[in-house]
């Protein structure tokens, strides 16, 4: 009798509306580690999956935006708690995906979790930093409030399997947007794991939807979708022009990488925030 | 379906025309025309490039006409792609050699000078604007020109305080800004574009609308009087091809456009394959929501101001009235009476409420959509006012019994046409208000502050007016969501469009 126990492997699935379906198409694709070892058959999302995810994100947006900023902050912080407790698993998969040392992967995970905490702290500061009152010349109380753009499609960095995902996804989410995310095509598994953690972090279903699959097949669907308000093209630098062209069809807000360090600035936060200004009469 | 109250149900009030014909005719207003000669316009204008006007004879020319009588006001130059390129080159040179090396404090003083010069020449600018655009002199005098001056005054103060604007410690200008503006508020839109761009340290090439180029050319004279360094602002007049040449010019770092969603979409497509920055201020189909507790007299004036201000040529016009069912009949009856009292006619007359439609093309569009409104089954009420024989005119019109699916409830008419819809609950009002691809402006009328704020929180619009409508101020950010565009003009937020942040 052998001492070796056969491990139980995981099927890597999509995250749509709080559930973990396989692709409705029944398709999958093989994902290998940086060193070429088989990691799993990951769901190969379809155009229909993307459209379903947009419907879920739209439905969730009113609720997510309607939650208090304090509540959204706590949900994000809860994600950091979940990630901390599964940090070794995340690190292992960062190592496999990116081919970095175990020690480096721990650093990547630490930074990613700290970044989640950073965004958790932003939810109830945005309005104070980006909004304000305006001293109009008349008997009006006038104030500007930053509000979420709505549904944001995020094509995450193809190389940074965890860090890039956290920044690109949590910036719009902390501002009150809901997102449909195309995970890194070659390195999707850390994103899928983080997606699983959102399910135990009190995120309302549909706030974060994650699709794995071919960027070239799915990104144009998101870019052209009329019920998507914003588009982050970080993970598609080569196709950025073509996707930006599709996005113009419904006047989307488009965030394009321009070589500058986005993570150190508030550009990601600003990119999917609108300013709504209210004038109210003052009188007796 | 509710029955529509026709005019003759209003027995208690006399219209102006009834009044004039009665024994109380002496109470009728006498004409109070402003003098057209105050405009002091030249017969023809060249382009304003590198600080000087080019020779008009060296360009193709087109005429700018007074839409109130179809007479030629002045002849202006049609800028070719080469002319645009010269303007961009001048702007680039001015940026590299002068403006980017001018301190914020010095830039501020130029802008303060411009504000003062606009104030000094306010009466002249108001007359030019009314002659060229067709808007009532009361509006160009009391709204367009003072707000244009105020805008320069406001942004002047930012020029040396950019590091305090909340965009980081060292915000940088973008370079050369190409700015394309519409015909509905010609001078004011020029101010909205130029003031923040210059304060942030950019140089500009401004393309005024084809039908209303003149006030921008007077502004060019003002820039000369202010001794703004040559090339910092260049003004190229022309039609859509001039705008296209500006958008496609590789020397331009940023495009700012105000106009229709249709054109904005095509601009975004063209800029998509370049590194140019873009801000768009596009169309709207603003909902004006009236709850049954609102003070009715103010509501009626607010609705009228919301849709008939500037002949309804306003991107944020309150063109969809959403009125609570309990008061719908009364509001409609009073609106019809009020519309009958609007004074439509000579824009130079200080008593005029509604002036001329800006162009034959715009008049055709308003007529077409109004005809569609009738065909789709809405009930039309049009003021019985007499319209001048010459010029482009459209009598103020209200459509009742409008359904959300009607084109007059969905398409931007950009004219003096109001569509009236009803609702029962706040939820329904919000749902109907947001049932549009646009997201520019909305109005909310209620005495209950908590409900107003509840509604305001849920409206997908960049500007929300509570118990007022069509208010503008340089400190107050203006701009849309969704297909009404992106970017803000006005306030601290307006600087972002011209800074590398």
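At q = 0.22, 0.23, 0.32 Å⁻¹, what log₁₀ I(q)/I(0) does a Debye calculation on the Cα points of segment B:254-303 give, no solvent, two decimals? Taking Cα atoms of segment B:254-303 as identical point scatterers yields -0.76, -0.80, -1.17. Relative to one another, the C-alpha centroids of segment A:75-102 and segment A:241-258 are positioned 31 Å apart. Averaging over all projection directions, the Cα-based convex hull of segment A:103-195 occupies 7.2 nm² in the image plane.
Our analysis of chain B gives Rg over Rh at 0.98, with the two radii drawn from alpha carbon positions and Rh computed by the Kirkwood formula. Panel order for B:151, A:93, by other beta carbons found within 10 Å of each beta carbon, from fewest to most: A:93, B:151. Counting, for every residue in A:128-141, the Cβ atoms of other protein chains within 10 Å of its Cβ and taking the mean gives 4. Could you tell me the relative contact order of segment B:228-302? Use alpha-carbon pairs under 8 Å, at least six residues apart, and round to a whole percent. RCO, segment B:228-302: 26 percent. Computed from Cα atoms alone, the Kirkwood hydrodynamic radius reported for segment A:1-153 is 19.4 Å. Summed over all non-identical Cα pairs, the Kirkwood treatment of segment A:109-156 gives a radius of 13.8 Å.
Taking other C-beta atoms within 10 angstrom as a stand-in for reagent exposure, B:206, B:174 fall in the order B:174, B:206, fewest first.
Projected onto their three principal axes, the Cα atoms of segment A:204-272 cover extents of 33, 29, 24 Å, largest first.
Looking at the protein assembly as shown only, what percent of DSSP beta bridges run antiparallel? Nearest 5 please.
Around 40 percent of the beta bridges assigned by DSSP in the protein assembly as shown are antiparallel ones.
With contacts taken as Cα pairs under 8 Å and at least 6 residues apart, segment A:13-281 reaches a relative contact order of 25 percent. When the alpha-carbon atoms of segment B:171-266 are used, the pair Rg, Dmax equals 12.6, 38 angstrom. When Rg and Dmax are taken over the Cα atoms of segment A:13-281, they come to 18.4, 69 Å. Note: relative contact order over chain B, using C-alpha pairs below 8 Å and six or more positions apart, is 18 percent. Each residue in B:469, B:110 was given a count of other beta-carbon atoms within 10 angstrom of its own, and listing them fewest first yields B:110, B:469.
What are the semi-axes of the equivalent ellipsoid for segment B:55-101, taken as the square roots of 5 times the Cα gyration tensor eigenvalues, largest first, in whole Å?
32, 13, 8
Peptide B:469-479 shows a mean partner chain C-beta count of 5 within 10 Å per residue C-beta. Per-residue shielding of A:229-242, expressed as the average number of other chain Cβ atoms within 10 Å of the residue Cβ, stands at 1. Compared with the rule-of-thumb size 2.2 N^0.38 Å for a compact globular protein, segment B:33-159 has a Cα radius of gyration ratio of 1.23. Segment B:205-225 and segment B:58-103 have their alpha-carbon centroids 8 Å apart. Averaging the Cα positions of each part gives two centres, and for segment A:103-128 and segment B:314-333 these lie 48 Å apart. With contributions of -39500 (n - 2.57) from each DSSP H run of at least four residues, the per-residue ellipticity at 222 nm computed over the protein assembly as shown stands at -12000 deg cm²/dmol.
Using the Stokes-Einstein relation with a Kirkwood hydrodynamic radius computed over Cα pairs, the translational diffusion coefficient of the protein assembly as shown at 37 °C and a viscosity of 0.692 mPa s comes to 118 µm²/s.
Each value in this text was obtained by applying a stated rule to the coordinates, not by laboratory testing. In this text, all values refer to a predicted model and were calculated from it rather than measured experimentally. Counting neighbours? That spans all protein chains shown, and the Cβs are built from the backbone with ideal geometry, glycine included.
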